[in-house]
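This report concerns only the one structure given below.
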Amino acid sequence: MTSTAVSTGFSLPNGASSISSVDYAGAMLPWAMIQGFKFKVVGVVVLTVITLLPALWNRRKILQEARELAQAQQAETNVENAS
């Protein structure tokens, strides 16, 4: 990565010999995760809860939509059979 940056004209700051990554400069998610790990077990638990809540909410929505779709298909089948 360092050679690519230097070849494009990027100058390294004084004292720096390489670039590890420029990807995380503006990304809040990796920063928040790293900050969470600084709080050891409490941080990991909070990050886990923050991860699981949307996953569980999404699962509930998927199951709800599947039930609604099954009911709609059943009602359509009933109408066709009544005809």
- Item | Residues of the stretch 16-53 that turn out to be within 28 Å of Thr4 (Cβ to Cβ), of a type in the set (Ser, Thr, Tyr) and either modelled with pLDDT of 90 or more or under 16 Å from the mean Cα position of the chain (by Cα) (or both), as a count | 1
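Listed residues Asn58, Asn81; which is among the polar types (S, T, N, Q) and more than 27 Å from the chain's Cα centre (by Cα)?
One residue alone meets the criteria, Asn81.
The values are calculated or read from the model by the stated rules, or taken from the named source; none is laboratory data. As the structure is a computational prediction, the values presented were derived from the model and not from experiment. Glycine gets a Cβ as well: all are built from the backbone with ideal geometry, and neighbour counts include every protein chain shown.
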